[in-house]
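To keep things clear, I will list the structure first and then write my remarks on it.
The values are calculated or read from the model by the stated rules, or taken from the named source; none is laboratory data. None of these values were measured; they are calculated from a predicted model. Here the Cβ positions follow ideal geometry from the backbone for every residue, glycine too, while neighbour counts run over all protein chains shown. Surface areas here come from the heavy atoms of the whole protein model, side chains and all, with no ligands, DNA or RNA. Shrake-Rupley method; radii C 1.70, N 1.55, O 1.52, S 1.80 Å.
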Amino acid sequence: MKSQNFERTLPEGYHEAYVIDATKGKFSLWLNIVAMALMVVIAVPLAVIISRMGEIHVNSTFLLILCGLLIVYTILHELTHGIAYKLMTGEKLTFGLTLTVAYCGVPKIFVYRKTALVALLAPFTVYTILFLVLLVALPDPTMKLAVALLFAIHFGGCAGDLYDTFIYLTKFRDPTTLMQDTGPRQTFYTK
């Protein structure tokens, strides 16, 4: 069954149709601007709501813990992409970090649309649910603020995944569309 989710070589009759490269010039700048805007749109209203729930204690310890949690979250986000790819393909994963993006990819294969969408949306789905549950369940406003900031960073950090998903939903609706995902670069192939 795993072989139906991907191809080891590009099948005959396919051609490169679209490339997304998160490390290149204008696209990278645009992606990061959108990510920052998403973070602000999520963080500001949540911070205002949470500040009305009680006293918040933001100090250097809070900021250090938040930075540590951000690093852990980034690793977990990429591992979640990897788990989805591994479950659907069984293939070797590539992880990395550039100046503009943390990534997970499967560069030696070409994945079908369904596989790509599952891997793209796995972190967005899992961590959106987790952060929303924590926002509701945690009683302390300071902890809620930490989760709200992580949620905002998560949402902004999913900008590239959401953009790729948008491309699939609008431009490449054919289930036979293939994608080669090196991590920071996704190349779409069509018949």
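Condition check for ARG52 on (1) touching a strand residue (DSSP E or B) at 6+ places or on another chain (Cβ under 8 Å); (2) over 23 Å from PHE172 (Cα atoms): one failure, at (1).
Restricted to segment 6-36, and to residues that are without any contact (Cβ under 8 Å) to a residue 12 or more places away in the chain and either closer than 24 Å to THR177 by Cβ or of a type in the set (A, V, I, L, M) (or both), which residue is surrounded by the fewest Cβ atoms within 10 Å (Cβ to Cβ)?
First, pick out the residues of segment 6-36 that are without any contact (Cβ under 8 Å) to a residue 12 or more places away in the chain: 12, 24-27, 29-30, 33.
Remaining after also requiring either closer than 24 Å to THR177 by Cβ or of a type in the set (A, V, I, L, M) (or both): 12, 24, 27, 29-30, 33.
Numbers: GLU12: 6, LYS24: 14, PHE27: 16, LEU29: 11, TRP30: 12, ILE33: 11.
In this case the residue turns out to be GLU12.
Does segment 55-76 include one or more residues that are of a type in the set (Asp, Glu) and in a helix (DSSP H, G or I)?
Taking segment 55-76 as the starting set, the residues that turn out to be of a type in the set (Asp, Glu) are 55.
Next, only the ones that are in a helix (DSSP H, G or I) stay: none.
Checked segment 55-76: no residue is of a type in the set (Asp, Glu) and in a helix (DSSP H, G or I).
Residue count for segment 124-145 under the criterion of being open to solvent by 80 Å² or more (accessible area, probe 1.4 Å), of a type in the set (A, V, I, L, M, F, W, C) and under 24 Å from ASN59 (Cβ atoms): the result is 1.
For segment 13-35, the criterion of a residue being in a loop (DSSP other than H, G, I, E, B), at pLDDT 95 or above and either out of contact with any Ser or Thr (no Cβ under 7 Å at 6 or more places or on another chain) or aliphatic (A, V, I, L, M) (or both) is satisfied by at least one position.
Can you confirm whether THR74 is among the β-branched types (Val, Ile, Thr), farther than 20 Å from ALA43 by Cβ and at pLDDT 95 or above? No; evaluated as a whole, the condition is false for this residue. In this structure, is ARG52 free of Cβ contacts under 8 Å to residues at least 12 places away in the same chain and of a type in the set (Lys, Arg)? Answer is yes for this residue.
Residues checked against (1) open to solvent by 30 Å² or more (accessible area, probe 1.4 Å); (2) under 15 Å from the mean Cα position of the chain (by Cα):
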position: THR170; (1), (2): yes, no
position: ASP174; (1), (2): yes, no
position: GLN180; (1), (2): yes, no
position: ARG185; (1), (2): yes, yes
position: TYR189; (1), (2): no, no
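Annotation: HIS154 fulfils all but one of (1) open to solvent by 10 Å² or more (accessible area, probe 1.4 Å); (2) under 14 Å from TYR73 (Cβ atoms); (3) of a type outside the set (Lys, Arg); the unmet one is (1).
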